[in-house]
Amino acid sequence: METVIIGLARAGATTIFNALTGQSAGTGDSTGGKRQGNVSDVKVPDERLDKLAALFSPKKLTHASVVFKDLPLEHGDDGGITPASLADVRRADAVTVVIRAFENESVLPAFKDATPLRELRKVIDSLVFGDYEIAEKRLTRLDKEAKRDSREYKVLQTIVEKLGAGTPLGAGFIPADDQKLFAGFGFLTAKPLFVILNAGEKSAANDDMVAEAKAAGIEVFKMRGDMEMEIAQLPSADQQAFLQDLGLEEPAKNRFLRHVYATLDLVSFFTVGEDECKAWSIRRGTTAVGAAAEIHSDLAKGFIRAEVAAWQDVLAAGDFAGAKKANKLRLEGKEYPVKDGDVLLIRFNL
Ligand SMILES: Nc1nc2c(ncn2[C@@H]2O[C@H](COP(=O)(O)OP(=O)(O)OP(=O)(O)O)[C@@H](O)[C@H]2O)c(=O)[nH]1
Ligand SMILES: [Mg+2]
């Protein structure tokens, strides 16, 4: 899973990137105007996997991970994000928008009279316009090629109409059967959207922004960007005391990852063994054969059955064979909905 972190100029996107990843990418003017992107692969903490690994002592331990990308965006005269600079955002699974709320007189606002609400609206407008542009271009092309009877043309017309009215597409707008047809477009407003409010010691009023986001189905994630960045850059043993001063129990990374999992309704299953213990993230309700496909397409193609045990039962029994003896192992077919914390062994035959 990969998410880009975007925002209007000086909203604190790089600061938030550092806070969530523990990196030290240059913020503010320290980059000397050089536009560089930053990437970091962040391990999703999971005590269950750690306990299984302690049991199996595998050669390799692989946590689930979320890749964060802080892209060098360009901003137009009105402060919005230029469509061209959004091209790389289209490849991500989700979009994370940083909205500035911190007050800092030495940091210029992105545009005149910027407020958190106006910033959010401007970012959304940029995403809508970026999508509109590529949809409209494609529609014109199909028109020229006299392909007005195609399914693609018909659905594109509804897409262009919605975007043209200034409305984001939203996750469910493109019918499930047509998803493949439009996968290559990477519509930004059809992707899951996370909003991080970059709060300061003093923050601009933002209740209206939080309310408007909520009405659109988005739960705003608030954090102190500058402080959390400094904390994330400390050795982990030193972090706790500083977090406590802020009244926090956990670093922003853990809190935000949980927010992502809850919002996307992600759960984890495990594969275990002496070679590797690994956590895999899937949408809740994914079937056993869907989970097998995550591991390898061959496992889905040749799927026979899944041997399943809850992680606690494997831990208590000492291994998979022990879980079987204790009657804690179940044989499940293709359609079994995998549960959070399941340990899976896929039997397959090609
Ligand atoms: N007071 C305060 N300043 C902050 C905070 N977050 C960021 N800043 C300052 O705002 C400026 C911009 O921060 P960046 O993280 O570089 O913002 P950005 O969105 O990545 O900026 P560009 O990529 O240049 O558009 C820097 O000078 C930061 O120190 C914050 O929470 N509080
Ligand atoms: Mg930046």
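The values are calculated or read from the model by the stated rules, or taken from the named source; none is laboratory data. Note that the structure is a prediction, hence the values are computed from the model and not measured. Positions of Cβ are generated from backbone atoms using ideal geometry, with glycine treated the same way; all protein chains shown enter the neighbour counts.
Out of the residues in segment 93-107 that are crowded, with 18+ Cβ neighbours inside 10 Å, of a type outside the set (Lys, Arg) and within 16 Å of ligand 2 (Cβ to nearest atom), which is nearest to Thr14 (Cα to Cα)? Even if it seems obvious, please write down each step before you answer.
Taking segment 93-107 as the starting set, the residues that turn out to be crowded, with 18+ Cβ neighbours inside 10 Å are 95-102.
Filter once more, so that each one left must be of a type outside the set (Lys, Arg): 95-99, 101-102.
Subset that is within 16 Å of ligand 2 (Cβ to nearest atom): 95-99, 102.
Values: Val95: 15, Thr96: 12, Val97: 11, Val98: 9, Ile99: 12, Phe102: 14 Å.
Only one residue tops the list, namely Val98.
Here is a yes/no grid of residues against (1) in contact with a Leu (Cβ under 8 Å, 6 or more places away or on another chain); (2) within 15 Å of ligand 1 (Cβ to nearest atom):
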residue: Ile99; (1), (2): yes, yes
residue: Glu103; (1), (2): no, yes
residue: Leu108; (1), (2): no, yes
residue: Val123; (1), (2): yes, yes
residue: Leu127; (1), (2): yes, no
residue: Gly130; (1), (2): yes, no
residue: Arg141; (1), (2): no, no
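Could you tell me which of the residues Asp313, Asp275 is outside the structural domain of Leu193 (by TED's automatic domain parsing) and in contact (Cβ under 8 Å) with a residue 40 or more places away in the chain?
Details: Asp313 fails: in contact (Cβ under 8 Å) with a residue 40 or more places away in the chain.
Checking each option against the conditions leaves just Asp275.
Given the options Met223, Met229, name the one that is out of contact with any Gly (no Cβ under 8 Å at 6 or more places or on another chain), in contact (Cβ under 8 Å) with a residue 12 or more places away in the chain and within 16 Å of ligand 2 (Cβ to nearest atom). Show your work before the answer.
On the way: Met223 fails: within 16 Å of ligand 2 (Cβ to nearest atom).
Step by step, each of Met223, Met229 is checked, and only Met229 is out of contact with any Gly (no Cβ under 8 Å at 6 or more places or on another chain), in contact (Cβ under 8 Å) with a residue 12 or more places away in the chain and within 16 Å of ligand 2 (Cβ to nearest atom).
Starting from segment 77-103, take each residue that is closer than 22 Å to Asn18 by Cα and in contact (Cβ under 8 Å) with a residue 12 or more places away in the chain and list its partners that are of a type in the set (Lys, Arg) and within 12 Å of ligand 1 (Cβ to nearest atom), counting only C-beta distances under 6 angstrom and pairs at least six apart or across chains.
Glu103/Lys202
Scanning segment 156-205 for residues that are in contact with a Gly (Cβ under 9 Å, 6 or more places away or on another chain) and among the polar types (S, T, N, Q), which turns out farthest from Asn104 (Cα to Cα)?
My answer is Thr189.
Residue check, Ile6 against (1) within 21 Å of the chain's Cα centre (by Cα); (2) at pLDDT 95 or above; (3) closer than 28 Å to Thr189 by Cα; (4) away from ligand 2 (no atom under 12 Å from the Cβ), all met but one. Which one?
Condition (4) is where Ile6 drops out.
Which residues, taken from segment 297-350, are among the aromatic types (Phe, Trp, Tyr), more than 20 Å from Cys277 (Cα to Cα) and not in a loop (DSSP other than H, G, I, E, B)?
Filtering segment 297-350 down to residues among the aromatic types (Phe, Trp, Tyr) leaves 303, 311, 320, 336, 348.
Then drop every residue that is not more than 20 Å from Cys277 (Cα to Cα), which leaves 303, 336.
Scanning segment 297-350 gives a single hit, Phe303.
Kindly indicate the residue of segment 62-74 that is in contact with a Ser or Thr (Cβ under 7 Å, 6 or more places away or on another chain) and within 16 Å of ligand 1 (Cβ to nearest atom) and also farthest from Phe17 (Cα to Cα) among those meeting that condition.
Glu74
Of all residues being crowded, with 17+ Cβ neighbours inside 10 Å and in contact with an Asp or Glu (Cβ under 6 Å, 6 or more places away or on another chain) in segment 177-199, which is farthest from Arg258 (Cα to Cα)? Just the residue, please. Write out each step before concluding.
Taking segment 177-199 as the starting set, the residues that turn out to be crowded, with 17+ Cβ neighbours inside 10 Å are 182, 186-191, 193-199.
Still in the running and in contact with an Asp or Glu (Cβ under 6 Å, 6 or more places away or on another chain): 187-189.
Numbers: Phe187: 25, Leu188: 23, Thr189: 22 Å.
Here the residue is Phe187.
Cβ contacts < 6 Å: first residue buried (at least 19 other Cβ atoms within 10 Å of the Cβ), restricted to segment 278-307; second residue of a type in the set (Ser, Thr, Tyr) and assigned to a strand (DSSP E or B), any location; separation 6+ or different chain. Result?
Going by the 6 Å Cβ cut-off, the qualifying pairs are Lys278/Thr62; Lys278/Thr271; Ala279/Ser268; Ser281/Ser268.
Being closer than 15 Å to Val44 by Cα and in contact (Cβ under 8 Å) with a residue 12 or more places away in the chain is the filter here, so list the residues in segment 245-262 that pass it.
Step one: filter segment 245-262 for residues closer than 15 Å to Val44 by Cα, giving 250-262.
Within segment 245-262, Pro251, Ala252, Lys253, Asn254, Arg255, Phe256, Leu257, His259, Val260, Tyr261 qualify.
Anything in segment 50-91 that is within 16 Å of ligand 2 (Cβ to nearest atom), surrounded by fewer than 18 Cβ atoms within 10 Å (Cβ to Cβ) and not in a loop (DSSP other than H, G, I, E, B)? List them, or say none.
The one that is within 16 Å of ligand 2 (Cβ to nearest atom), surrounded by fewer than 18 Cβ atoms within 10 Å (Cβ to Cβ) and not in a loop (DSSP other than H, G, I, E, B): Asp88.
With the requirement that a residue be in contact with a helix residue (DSSP H, G or I) (Cβ under 9 Å, 6 or more places away or on another chain) and either farther than 11 Å from Met229 by Cα or in a helix (DSSP H, G or I) (or both), what does segment 1-12 give you? Walk me through it before giving the result.
If we filter segment 1-12 for residues that are in contact with a helix residue (DSSP H, G or I) (Cβ under 9 Å, 6 or more places away or on another chain), which is where we start, we get 1-8, 10-12.
Listed by number, the residues that qualify are Met1, Glu2, Thr3, Val4, Ile5, Ile6, Gly7, Leu8, Arg10, Ala11.
Would you pick out the residues in segment 231-281 that are part of a helix (DSSP H, G or I), under 23 Å from the mean Cα position of the chain (by Cα) and not small (Gly, Ala, Ser)?
If the condition is that a residue be part of a helix (DSSP H, G or I), under 23 Å from the mean Cα position of the chain (by Cα) and not small (Gly, Ala, Ser), then Ile231, Lys253, Asn254, Arg255, Phe256, Leu257, Arg258, His259, Val260, Tyr261, Thr263, Leu264 are the ones that fit.
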